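Enquirer: Okay, here's the structure, questions in a sec.
Each value in this text was obtained by applying a stated rule to the coordinates, not by laboratory testing. In this text the structure is predicted, and so the values were computed from the model without any measurement. Heads up, the Cβs are rebuilt from the backbone with ideal geometry, glycines too, and the neighbour counts pull from every protein chain shown.
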Amino acid sequence: MKTKFKFLIPLFAVLILLGCAKQNDEVKQPEESTAHMSGMMVHNAWIRQAAEGTTTALFGMIMNHTEVNDTLIGVSSDLAQLTEFHETYQKEDDMMGMRHIEAQPIDANSSLILKPGSYHVMLIRLNQDLNVGNTKEITFHFKHAGDIKVEAIVKEMNEMGSMDHSQH
Ligand SMILES: [Cu+2]
């Protein structure tokens, strides 16, 4: 059966692509590390290593250290033919879907975690190899904070400890 949904792929393929999603959702921020932060920022940005012509994803944490409710209205880079903000969600029959989000609220003094199996920046059809250790720039576009340039480091998925097979 044909599906019109271009990102509809089997669950196991998503887990291989993005890493197993079984992780703690909580990310604890020690008070001393947030005390000096201000503005809108993207923390610990990293990209899963991948070859030219393939598709990969960027993860990290968007932190709004302002008193203004903001909205992420897009992402861009020259790394790939398409750079999109995505959400992964569960569909029926063990299928996972990914959908492009055009506007993602990031409220005042809140954060949003980008991680395998959840929110991520999709880099579709890379125009270059992304090798472990490379640093690449991605721009996040916010309604109020404007354009935030982010340096992301290229890593292997298992360096993040996200391939935890103990849950299977
Ligand atoms: Cu995606």
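Enquirer: Of 89, 119, how do they rank once you tally other Cβ atoms within 10 Å and put the fewest first?
Expert: Values: 89 12, 119 20.
Placing the least packed residue first, the sequence is 89, 119.
Enquirer: Listing 135, 71 from the residue with the fewest other Cβ atoms within 10 Å to the one with the most, what is the order? Numbers along the way, then the final one.
Expert: Details: 135 11, 71 16.
So the residues, fewest neighbours to most, are 135, 71.
Enquirer: Taking θ as phi - 60°, what are the ³J(HN,Hα) couplings along segment 113-118 by the Karplus curve (6.51, -1.76, 1.60), each to the nearest whole Hz, with x for Gly and Pro?
Expert: 8, 9, 8, x, x, 9
Enquirer: Please sort by residue number the GluC sites (Glu not before Pro) in segment 63-155 whose DSSP state is loop and whose Cβ has at most 13 other Cβ atoms within 10 Å. Walk me through the intermediate numbers first.
Expert: Working: sites: 67, 84, 87, 92, 102, 137, 151; in loops: 67, 92, 102.
Passing sites in segment 63-155 are 67, 92, 102.
Enquirer: Then there is this: Taking H placed 1.01 Å from N in the peptide plane, check which residues at least 5 places from residue 134 or on another chain put their amide H under 5 Å from its amide H.
Expert: It is 154, by chain and number.
Enquirer: To continue, here is another question. Whose amide H sits under 5 Å from the amide H of residue 69, counting only residues 5 or more places off or on another chain, with H placed in the peptide plane?
Expert: It is 108, by chain and number.
Enquirer: Would you mind ranking 154, 42, 132 so that the residue whose beta carbon has the fewest other beta carbons within 10 Å leads the list? Mind showing how you got there, number by number?
Expert: Working: 154 19, 42 24, 132 11.
Listed from fewest to most nearby Cβ atoms, that is 132, 154, 42.
Enquirer: Next question. Going by amide H atoms built from the backbone, whose H comes under 5 Å of the H on residue 50, apart from near neighbours?
Expert: 130
Enquirer: Can you give the charge dipole size of segment 39-157 about its Cα centre, rounded to the nearest 20 debye, using +1 on the beta carbon of Lys and Arg and -1 on the beta carbon of Asp and Glu? Could the numbers behind the result be given before it?
Expert: Details: 9 positive and 16 negative charges, 32 e Å.
Computed about the Cα centre, the dipole is about 160 debye.
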